[in-house]
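Below: one structure, written as structure tokens.
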Amino acid sequence: MKIIFLDQIHSTNNYATEQLRSEDIAEGTIFLTFRQTKGRGQGLNVWESEEYKNLTFSLVLKPGFLPASSQFLISQVVATGIVEVLDQIIEGVMIKWPNDILVGTRKLGGILIENSIIGYNLEWTVVGVGLNVNQEHFNKFQPEAISLKLITGKDVDSEALMNSIFDGIMSRYEMLKQGMIDDIIESYYTRLFRMGEWWKYRKDGTEFEAKIIGTDEFGRLRLEERNGRVTPWPFKGIEMVW
């Protein structure tokens, strides 16, 4: 692991991808900042983080062995790697599809994965991680947010936690290299929020009941409706009703 510390940056993911396009960055390199001003979430979402209170970093991977069509396995590797580390600190950590980290129904962290593709395979991957660690107050746009300190009542060493998360991700990543795909998917499903539960979902203002039965090879959420119909949904294609 090589850590490149950035005093202040708009987005560690943006910075990492810019560096990768201009130079060879070794796998396992981490771009870390405690002052991220315009962190990015999925789509157009913004990840806001109080200075020096949370973990915001990007990890470089070089999964050239993985077909681009199987890139969602990276999301599953990262999410389960992080959850297994958090299990050592708190209880009840789950993954909300595709890769938000929840405790109960409150958001503890998020993951943003960006890939570069050459031919049929991945060239490099930037894994952006945002984790609420010691922040105690969130703005009105994040009423659902929670932090480790709010859960435990104690300060957490952010850098030590990042080292553990790195080890957790890389352990799962090694499993992927060894072709242990079924184990990776099973671990992801075990921690997937609302997996196998009948719940309400919304599409274009219309609500219906369905249960999550898994994801397909492209990472789309597979929902089974009461009538037995199974449909794969892309990210932002369906909304879970809270």
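The numbers here are math on the coordinates, done by the rules we state, and not lab data. Since the structure is predicted, the reported quantities are computational estimates derived from the model, not experimental observations. So basically every Cβ, Gly included, is an ideal-geometry build from the backbone, and we count neighbours across all protein chains shown.
Using the structure shown, select from K211/K236; K107/K200; K177/K236; K107/K177 the pairs with a Cα to Cα distance greater than 22 angstrom.
In this structure, K177/K236; K107/K177 exceed 22 Å between Cα atoms.
Enumerate the helices in the chain for which the Kyte-Doolittle hydropathy averages 0.0 or more and the C-alpha atoms extend at least 24 Å along the helix's axis, using complete DSSP H runs.
Span-like helices here: 158-177.
How large is the charge dipole for the range 74-225, taken about the Cα centre, if only the Cβ atoms of Lys, Arg (+1) and Asp, Glu (-1) carry charge, to the nearest 20 debye?
So the magnitude is around 460 debye.
To the nearest 0.05, what FRET efficiency results for F208 and I117 with a Förster distance of 45 Å applied to their C-beta separation?
Efficiency computed from Cβ-Cβ geometry: 0.80.
Cα atoms only, the range 172-232: Rg and Dmax in Å?
Every Cα atom of the range 172-232 included, Rg and Dmax give 13.9, 44 Å.
What FRET efficiency, computed as 1/(1 + (r/R0)^6) with R0 = 25 Å and r the Cβ-Cβ distance, is obtained for E136 and I3, rounded to the nearest 0.05?
Calculated transfer efficiency: 0.45.
For the range 94-242, with the dipole built from +1 on Lys and Arg beta-carbon atoms and -1 on Asp and Glu ones, taken about the Cα centre, which of Q135, L102, V241 lies farthest toward the positive end?
Value computed over the given set: V241.
Using the basic label-point model (7 angstrom from Cα toward the beta carbon), what is the M180 to V230 distance in nanometres?
2.6
Going by average Cβ neighbours within 10 Å, how do the peptides 30-36, 113-119 rank, with the highest at the top?
Highest to lowest by the protection proxy: 30-36, 113-119.
Tell me the mean residue ellipticity at 222 nm calculated for the chain from its helices only (DSSP H runs of n ≥ 4, each -39500 (n - 2.57), averaged over every residue, nearest 500).
Calculated at 222 nm, the ellipticity per residue is -8000 deg cm²/dmol.
Using only Cα atoms, what is the ratio of the radius of gyration of the chain to 2.2 N^0.38 Å?
1.00
Give the aspartates and glutamates whose C-alpha is closer than 14 Å to that of K96, dropping any in the same chain fewer than 8 places away, or say none.
Those aspartates and glutamates meeting the cut-off are E144, E197, E239.
Would you mind listing how long the range 198-240 runs along its three principal axes, going by Cα atoms, in whole Å with the largest first?
Result, largest extent first: 26, 21, 13 Å.
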